[in-house]
Structure formats: C-alpha cells, structure tokens
Amino acid sequence: MSVASLVGLEVETNATVIKSFADFTTDVTSNIGIFMMTPKFLHRFIIPYLQQVEWHRQVMRDHVLPVVRKRKEKMRQAEEKGVPHGLDPNFLQGLIEYKKPNGDHYTDEEVAQSILLVAFASVHTTSVNLSFCLYWLLARPDLREKLEKEMQEALGDGPITNEGLKQMVFLEQFIREVLRQGVDKLANAKAVLADVYTFANGYQVPKGRRVQSSNRQLNIGSNSARSTVDEMDPSLSGTKLATNPSREFVTFGLGRHLCPGRFFAVHEIKMTLITILRRYDISTESGKKPVPGRYLAGTVSLNCEDPLVFRKKK
Ligand code: HEM
C-alpha cells in the first residue's frame with residue numbers, strides 16, 4: 001500500500017522495492033546495540049558489515065531512479081506543449097517538483113534516495129500499530145464483536161468508502177486508544193541546539209544534550225495506569241479523532257515536527273484492519289489470548305511475540 005501510494009503505480013507490484021520498504025527500518029535499527037557498544041570512530045568501518053543500507057540504496061538506484069527520469073521527461077514534454085503533465089501527485093512527485101529556498105531542485109539521485117527516508121518513517125510505525133490493533137482485538141473479543149458489528153452496519157459487504165468510514169466512530173476511537181496505549185514510555189528525542197535550553201519552569205539543559213519525552217505518561221498517566229488488558233476502553237476517546245494530537249495524545253508528536261504522515265497512517269490502518277477482518281479468521285499460534293503490548297528495557301513498546309495465524313474465510 002505504501003509503495004503504491006507514496007512512490008507510485010510504476011512500482012506498486014515491484015517485489016524488490018516492496019521488500020526494501022518492508023525491511024529498511026529493521027535493517028537500520030537492528031544493530032543499534034552494537035553501535036552503542038562500539039566507539040564512534042570505528043562506526044564507519046563496521047557499517048558495511050552490519051547494515052544492508054547499501055543494498056537499499058542500490059534498489060532505489062535500479063528501480064526508483066528510472067521512474068524519476070521517466071516522469072521528468074514527461075514533465076518536460078508537457079511543458080513544451082504547454083499542457084498539464086497529469087502525473088499523480090504522490091510523495092515521489094512532490095520530491096521531484098520541490099523547489100529549495102534557493103530555487104534549485106533535488107537531483108534525480110537525491111530524489112530516489114529520499115524515498116528511503118519516508119520508508120523509514122512510515123512503514124514500521126504503521127505496521128507495528130496495526131499489529132497492536134490485531135492483538136487487542138484477539139485479547140478482547142468484546143471489542144472485536146463491536147467493531148465487526150459496526151463494519152457490517154456502515155459498509156455491509158460493499159467496498160470501503162469514505163462515507164462508510166466516517167460513520168465508523170468505534171473504529172476511530174479504537175485506533176486512537178491503541179495508538180495512545182502503544183507509545184514508547186520514553187521517545188521523540190530532541191537535541192538541544194542552542195547553548196542552553198530553559199524550560200518554562202526554569203530547568204536548564206545544555207547544548208548537545210538529548211531530551212526524551214515521557215510519552216506514555218503524557219498519554220495515559222502513571223505507568224501503572226491501564227496496565228491490564230481489561231482496562232482498554234475505546235469510549236474514552238469520545239468524539240476525538242485518531243489524527244488530532246493533544247497533550248494526552250502525543251503518539252504522533254506535538255508541535256513543529258508533528259508527524260505529517262498521520263492521516264495516511266490512520267487511513268492505512270483502517271483499510272487494512274477492515275480488509276483483514278473481512279477476509280481472514282485470525283488467531284494466535286499458541287491458541288492463547290495474547291497480551292497485546294510489552295516493553296523492551298522497560299521503555300520501548302513492542303508487540304506480542306505470539307505469531308498470528310491467518311486462515312482465509314470461506
Ligand atoms: C502509526 C504510524 C506513525 C506514527 C506512530 C508516527 C509517529 C511519528 C512521530 C512520533 C514523529 C516525530 C514527531 C516529533 O518529533 O515531534 C514522526 C515524524 C515524522 N513522520 Fe510519522 N508516524 C507514523 C506514520 C508515518 C507515515 C505513514 C509517514 C509518511 C507517509 C510518516 C512520516 C513522518 C515524517 C516525514 C516525520 C518527520 C516530520 C518532521 O521532522 O518535521 N509517519 N512520526
């Protein structure tokens with residue numbers, strides 16, 4: 001879904017590009033522990049042995065760069081004829097057309113490589129939260145029943161439409177609560193760039209220091225709050241949207257660098273969740289009710305380790 005929407009229909013079924021999108025974040029982050037234990041000056045020597053970043057870059061060169069060149073040629077021809085180019089206004093197209101403050105455009109290679117940045121930001125985040133949704137529905141059959149009832153009432157057996165989605169208040173509430181619940185306890189690190197940063201309460205942090213925000217506490221309160229599966233209550237979201245940030249919903253960040261992909265992410269989760277529930281019977285491999293979330297090192301939110309089994313409905 002991400003490849004087709006963000007890069008374009010030219011590569012929507014390209015298995016190599018899809019694999020690169022799917023694996024990029026894990027390939028980049030899986031060696032964080034090794035980097036943390038190795039002195040910084042050695043990093044450039046070990047990088048080629050640890051990450052497959054070069055493979056991903058090559059995939060972009062082989063498969064996305066030709067798309068960029070083809071589109072630019074089409075744009076050039078359209079400009080010559082004085083007609084609109086008619087290309088889809090997706091993320092790749094935005095990068096191609098983007099004018100830097102000095103009037104320059106990104107080079108073809110820069111455009112192709114930038115796609116990896118959005119793969120990093122968009123795929124893992126969305127799929128982890130989608131999986132949280134699935135584990136919650138398995139852990140709480142009452143929520144699943146409510147969601148399936150709403151699906152039937154709003155969409156019947158027809159296609160997923162915007163009108164139908166708008167009627168699905170419970171789905172919106174459920175996703176918002178899953179997103180609130182699923183944050184890392186500490187995240188959204190920001191580095192101090194000024195000589196010193198002074199918080200409103202007078203607390204000062206020196207240049208270069210990183211500050212994390214206690215996301216779970218902001219979203220939900222103390223870490224002991226809502227720690228049991230039964231405490232999950234979608235109705236707490238009321239009429240609030242899963243895309244609207246607030247002081248008690250910082251999963252997409254807040255302020256200047258607030259996630260611009262949140263509308264896409266929430267829409268993607270909705271569409272995928274409905275499609276999966278319609279087409280598959282899902283269960284855990286162990287047959288047990290899952291515990292939806294767990295924490296790595298007490299802070300990083302991870303999904304349940306019990307694999308999911310999808311059986312096509314007849
Ligand atoms: C459920 C899925 C997602 C979550 C939880 C999420 C979360 C976040 C968070 C916490 C930030 C940092 C905000 C800050 O520093 O204040 C961020 C930034 C960003 N996200 Fe997302 N994101 C998701 C999906 C996506 C998608 C689908 C895209 C692209 C299509 C995307 C693109 C970005 C970009 C480009 C930034 C950097 C914004 C900036 O620095 O100005 N994200 N996201």
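The values are calculated or read from the model by the stated rules, or taken from the named source; none is laboratory data. Predicted model, so just to flag it, every value in this text is computed and none were measured. Don't worry about glycine lacking a Cβ; one is built from the backbone with ideal geometry, like all the others, and counts go over all protein chains shown.
Side notes on the structure shown:
- Test: residue in segment 82-90 that is under 20 Å from Thr126 (Cα atoms) and surrounded by 13 or more Cβ atoms within 10 Å (Cβ to Cβ): yes
- In this structure, Phe199 does not qualify as touching a Lys or Arg at 6+ places or on another chain (Cβ under 9 Å) and either hydrophobic (A, V, I, L, M, F, W, C) or modelled with pLDDT of 95 or more (or both).
- Looking only at residues of segment 184-224 that are loosely packed, with under 10 Cβ neighbours inside 10 Å and of a type in the set (D, E, K, R), we find that the one that is farthest from Thr299 (Cα to Cα) is Asp195.
- Residue count, segment 91-124 (criterion: loosely packed, with under 11 Cβ neighbours inside 10 Å and closer than 16 Å to Glu73 by Cβ): 1
- Hits in segment 1-48 (condition: closer than 18 Å to Met60 by Cβ, among the hydroxyl-bearing types (Ser, Thr, Tyr) and part of a helix (DSSP H, G or I)): Ser2, Ser5, Thr16, Ser20, Thr25, Thr26
- Residues being in contact with a Pro (Cβ under 9 Å, 6 or more places away or on another chain), polar (S, T, N, Q) and closer than 19 Å to Gly182 by Cβ - total across segment 254-301: 1
- When every residue of segment 265-277 is checked against the conditions, at least one turns out to be under 27 Å from Leu117 (Cβ atoms), of a type in the set (Asp, Glu) and either at pLDDT 95 or above or within 13 Å of the ligand (Cβ to nearest atom) (or both).
Conditions tested, residue by residue: (1) part of a loop (DSSP other than H, G, I, E, B); (2) more than 16 Å from Leu137 (Cβ to Cβ).
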{"position": "Ala225", "(1), (2)": "yes, yes"}
{"position": "Asp230", "(1), (2)": "no, no"}
{"position": "Phe252", "(1), (2)": "yes, yes"}
{"position": "Ala265", "(1), (2)": "no, yes"}
{"position": "Glu268", "(1), (2)": "no, yes"}
{"position": "Ile276", "(1), (2)": "no, no"}
{"position": "Lys288", "(1), (2)": "yes, no"}
{"position": "Phe310", "(1), (2)": "no, no"}
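- Residue in segment 306-314 that is of a type outside the set (Lys, Arg), surrounded by fewer than 16 Cβ atoms within 10 Å (Cβ to Cβ) and modelled with pLDDT under 95 present: no
- Checked against the criterion of being more than 14 Å from Asn129 (Cα to Cα) and in contact (Cβ under 8 Å) with a residue 40 or more places away in the chain, segment 263-275 has at least one qualifying residue.
- Qualifying position, being within 16 Å of the ligand (Cβ to nearest atom) and at pLDDT below 95, among Arg294, Arg262, Arg247: Arg247
Residue-by-condition table, conditions (1) touching a helix residue (DSSP H, G or I) at 6+ places or on another chain (Cβ under 6 Å); (2) under 30 Å from Arg176 (Cα atoms); (3) acidic (Asp, Glu):
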residue: Ala78; (1), (2), (3): no, no, no
residue: Phe91; (1), (2), (3): yes, yes, no
residue: Ile96; (1), (2), (3): yes, no, no
residue: Lys100; (1), (2), (3): no, no, no
residue: Asp104; (1), (2), (3): no, no, yes
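- Condition check for Arg61: away from the ligand (no atom under 16 Å from the Cβ) and at pLDDT below 95: no
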